[in-house]
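Written below as structure tokens is the structure these notes are about.
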Amino acid sequence: AQSVTQPDIHITVSEGASLELRCNYSYGATPYLFWYVQSPGQGLQLLLKYFSGDTLVQGIKGFEAEFKRSQSSFNLRKPSVHWSDAAEYFCAVGGNNNDMRFGAGTRLTVKP
Amino acid sequence: DSGVTQTPKHLITATGQRVTLRCSPRSGDLSVYWYQQSLDQGLQFLIQYYNGEERAKGNILERFSAQQFPDLHSELNLSSLELGDSALYFCASSVQAASWGTDTQYFGPGTRLTVL
């Protein structure tokens, strides 16, 4: 089965600074990769997904992620963070094996 | 708003009791998924239904069961509740079931269960 590691439990950045959230996956076949965001008291919202094609994926709210097969990574980036981006971010990996695994999440705090 | 609805929002009950959580998927979605989110276990997949049939099972306890009805809404039944069952329970839906690990899931707001 696949697995996902989000190495950073908590990240703090200043508003306006750039952001990179790390995600490493393990899966023997073609991965289907997702980033979700969860605001306090809310469900998970899809930010972006990668299935195939261009390895740089654009998502909502100005986020992007890059799939790097050689590094088994799918890191999430944003050039300039807004206070409203404070939330928990989850990376997930799925595949044709009818399974999906979520990472433990990274909590983002944005300093004014 | 994802279009997935869950009721109730909050549920407080005692150990040994039984509760039912309800989920209505997005219009047109045939698959429903249930997840449990707790501080120690993170987000765990419990079970999936597609058009009324169970399709995939995750880390679901025998005390838990689910079903999907002809109108596609789903219920998750939790019985003989223990303190450790306190968690957020999410429902998600997607269009199809085949290789659901590739399908985009839309999550509801969750039901927070507290077992005292």
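The values are calculated or read from the model by the stated rules, or taken from the named source; none is laboratory data. This is a predicted model, so every value here is computed, not measured. Methodologically, a virtual Cβ is constructed for each residue, glycine included, from the backbone with ideal geometry; neighbour enumeration extends over all protein chains shown.
Worth a mention:
- Just one of the listed residues (B:Gly3, B:Gly16) is within 14 Å of chain A (Cβ to nearest Cβ), farther than 25 Å from A:Ser3 by Cβ, part of a loop (DSSP other than H, G, I, E, B) and touching a residue at least 24 places away in the same chain (Cβ under 8 Å), and it is B:Gly3.
- Condition broken by B:Glu75, with the remaining ones in (1) within 14 Å of another protein chain (Cβ to nearest Cβ); (2) part of a strand (DSSP E or B); (3) surrounded by 15 or more Cβ atoms within 10 Å (Cβ to Cβ); (4) not hydroxyl-bearing (Ser, Thr, Tyr) satisfied: (1)
- Tallying residues that are crowded, with 18+ Cβ neighbours inside 10 Å and of a type in the set (D, E, K, R) within segment A:57-87 yields 2.
- Selection of segment B:39-64 for residues being in a strand (DSSP E or B) and either farther than 21 Å from B:Gln105 by Cβ or in contact with a Gly (Cβ under 6 Å, 6 or more places away or on another chain) (or both) yields B:Phe45, B:Leu46.
- For A:Ala1, the conditions (1) exposed (fewer than 14 other Cβ atoms within 10 Å of the Cβ); (2) farther than 19 Å from B:Thr104 by Cβ; (3) away from chain B (no Cβ under 11 Å); (4) out of contact with any Gly (no Cβ under 7 Å at 6 or more places or on another chain) are fulfilled apart from (3).
- Residue that is nearest to the chain's Cα centre (by Cα) [pool: residues in segment A:23-42 that are closer than 30 Å to B:Pro8 by Cβ and more than 9 Å from chain B (Cβ to nearest Cβ)]: A:Trp35
- Looking across segment A:43-84, the residues that are over 13 Å from A:Tyr32 (Cα atoms), within 14 Å of another protein chain (Cβ to nearest Cβ) and more than 11 Å from the chain's Cα centre (by Cα) come down to A:Gly43, A:Leu44, A:Gln45, A:Ile60.
- Residue that is nearest to A:Gln45 (Cα to Cα), among those in segment A:89-110 that are within 11 Å of chain B (Cβ to nearest Cβ) and surrounded by fewer than 20 Cβ atoms within 10 Å (Cβ to Cβ): A:Ala104
- Test result for B:Gly110, surrounded by 22 or more Cβ atoms within 10 Å (Cβ to Cβ) and within 12 Å of another protein chain (Cβ to nearest Cβ): yes
Table: residues versus (1) in contact with a Gly (Cβ under 6 Å, 6 or more places away or on another chain); (2) modelled with pLDDT of 90 or more; (3) farther than 17 Å from A:Val13 by Cβ; (4) not in a strand (DSSP E or B).
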{"position": "A:Thr30", "(1), (2), (3), (4)": "no, no, yes, yes"}
{"position": "A:Glu66", "(1), (2), (3), (4)": "no, yes, yes, no"}
{"position": "A:Phe74", "(1), (2), (3), (4)": "no, yes, yes, no"}
{"position": "A:Val81", "(1), (2), (3), (4)": "no, yes, no, yes"}
{"position": "A:Ser84", "(1), (2), (3), (4)": "no, yes, no, yes"}
{"position": "A:Tyr89", "(1), (2), (3), (4)": "no, yes, no, no"}
{"position": "A:Ala104", "(1), (2), (3), (4)": "yes, yes, yes, yes"}
{"position": "A:Leu108", "(1), (2), (3), (4)": "no, yes, no, no"}
